[in-house]
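The structure appears right after this line, and notes come after that.
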Ligand code: SF4
């Protein structure tokens, strides 16, 4: 948990150094209407699970993130790297790709250190698995995710 917390703090610092701005009030968290998907690593899911104190929210489908409520992210402190890096504004496009790549390397290294198998999963599929506490092959995804292993090692 502390390794991921440090990683997120460092990532937030790097993102902040670009002084990005958000004016869309969470439109990018409505994946279907915005036209993109969010992918996360097992390390981020383990951290998200470890930070969760209440009931986990299960998305009904892939169209939006259930943690966006009234235009606000209610999981802000444990949100994945993709949520921290992504800004839709034109002037923020040039730095995001490289930072995403380096972040994935850093997350993979944390997972390796704690023998957590690497997987890159679509966010709503993964949330549904976490909330239901079942192992289920993610829809249309080449990777499978063992929630049991996340629970055991988080
Ligand atoms: S975790 Fe927060 S920032 Fe990320 S998609 Fe969900 S509501 Fe949006």
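Could you work out [θ]222 nm for the chain from helices alone, using -39500 (n - 2.57) per DSSP H run of at least four and dividing by all its residues? Round to the nearest 500 deg cm²/dmol.
Details: 7 runs with 72 residues, N = 154.
After summing the helix terms and dividing by the residues of the chain, the value is -14000 deg cm²/dmol.
Indicate the gyration tensor shape class of segment 2-153 (rounded, prolate or oblate), computed on the Cα atoms with a ≥ b ≥ c the square roots of the eigenvalues: a/c under 1.5 is rounded; otherwise a/b larger than b/c is prolate and the rest oblate.
On the way: a/c = 1.64, a/b = 1.21, b/c = 1.36.
Cα axes put segment 2-153 in the oblate bin.
With just the Cα atoms defining each centre, how far is segment 42-118 from segment 1-23? Give it in Å.
For segment 42-118 versus segment 1-23, the Cα centre distance is 11 Å.
So what is the relative contact order for segment 2-153, in percent, with contacts set as C-alpha pairs under 8 Å and at least six apart?
RCO, segment 2-153: 31 percent.
Sort 35-45, 107-117 by packing, meaning the average of other beta carbons within 10 Å per residue, with the highest value first.
35-45, 107-117
Could I have the simple spin-label model distance between residue 88 and residue 52, label points 7 Å from Cα toward Cβ, reported in nm to one decimal?
Between residue 88 and residue 52, the simple spin-label model gives 2.7 nm.
We did not get these values from a lab; they are worked out from the coordinates using the rules stated. All figures in this text were calculated on a predicted structure; none of them were measured in a lab. Neighbour counts are summed over all protein chains in view; Cβ atoms, including those assigned to glycine, are modelled from backbone coordinates with ideal geometry.
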